[in-house]
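The values are calculated or read from the model by the stated rules, or taken from the named source; none is laboratory data. Predicted, not measured: the structure shown is a model, and the values here were computed from it. Don't worry about glycine lacking a Cβ; one is built from the backbone with ideal geometry, like all the others, and counts go over all protein chains shown. Note: accessible area is taken over every heavy atom of the protein model, side chains too, but ligands, DNA and RNA are not part of it. Shrake-Rupley method; radii C 1.70, N 1.55, O 1.52, S 1.80 Å.
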Amino acid sequence: MIRSVSVKSAVKDALEIFQFDQWLRFYFVVQKGDDLWMEIPEATLEQIEKDHPSLHRFADLVNDSVLDYQRSQENVCAFVATRLDGQKYEGTVLPQVFDDANFKLEMYIFNVWMKMHESHLDEEVMDFNGWMEMYEGWKSLDEVREYREKLLASGTDPQTPACDTAQ
């Protein structure tokens with residue numbers, strides 16, 4: 001098996017996993033007593049398996065489990081590591097992803113988009129494809145592209161989640 005050494009491709013793959021996790025947590029976290037639980041309806045799991053077979057494994061992993069910030073981060077990082085590190089990419093690639101300026105910037109921009117559109121996203125449950133189409137459309141706006149370019153040029157280091165398990 002030939003494994004890729006492309007950091008750019010690994011950034012794209014890792015971003016998709018982080019964004020998918022955000023989508024799951026946005027729509028399918030419920031309060032049970034003092035705990036937060038991930039509860040993904042069976043029909044949604046079936047649709048995920050059809051549309052995103054590689055991400056279905058992640059949805060299945062986190063479904064019907066207690067969540068908090070640390071567990072969420074550990075789940076995402078472990079999934080990124082098992083799916084990408086040494087499997088799809090050479091072992092030296094993934095540690096570079098989380099230090100990559102584009103990864104950090106894209107996660108920051110995605111989080112800005114979520115905060116700005118929270119009330120709209122909350123109106124109805126959108127599928128992950130719909131979320132990403134909406135995000136890509138927003139990201140293609142001139143003012144967003146200019147803001148992104150300004151951040152890249154300034155060398156600003158937006159705060160993003162770290163994955164110690166992938167190193």
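Hey, among the residues in the stretch 28-52 that are touching a helix residue (DSSP H, G or I) at 6+ places or on another chain (Cβ under 7 Å) and among the aliphatic types (A, V, I, L, M), which one's surrounded by the fewest Cβ atoms within 10 Å (Cβ to Cβ)?
Ranking the candidates gives 45 first.
From the residues in the stretch 69-121 that are within 19 Å of residue 149 (Cα to Cα) and of a type in the set (Val, Ile, Thr), which one is surrounded by the fewest Cβ atoms within 10 Å (Cβ to Cβ)?
112
Taking the condition of being in contact (Cβ under 8 Å) with a residue 12 or more places away in the chain, part of a helix (DSSP H, G or I) and under 17 Å from the mean Cα position of the chain (by Cα), how many residues in the stretch 46-85 meet it?
Qualifying residue count for the region: 22.
So in the stretch 122-135, with the set limited to residues that are open to solvent by less than 90 Å² (accessible area, probe 1.4 Å) and not hydrophobic (A, V, I, L, M, F, W, C), which one is nearest to residue 24 (Cα to Cα)?
Top of the filtered list is 127.
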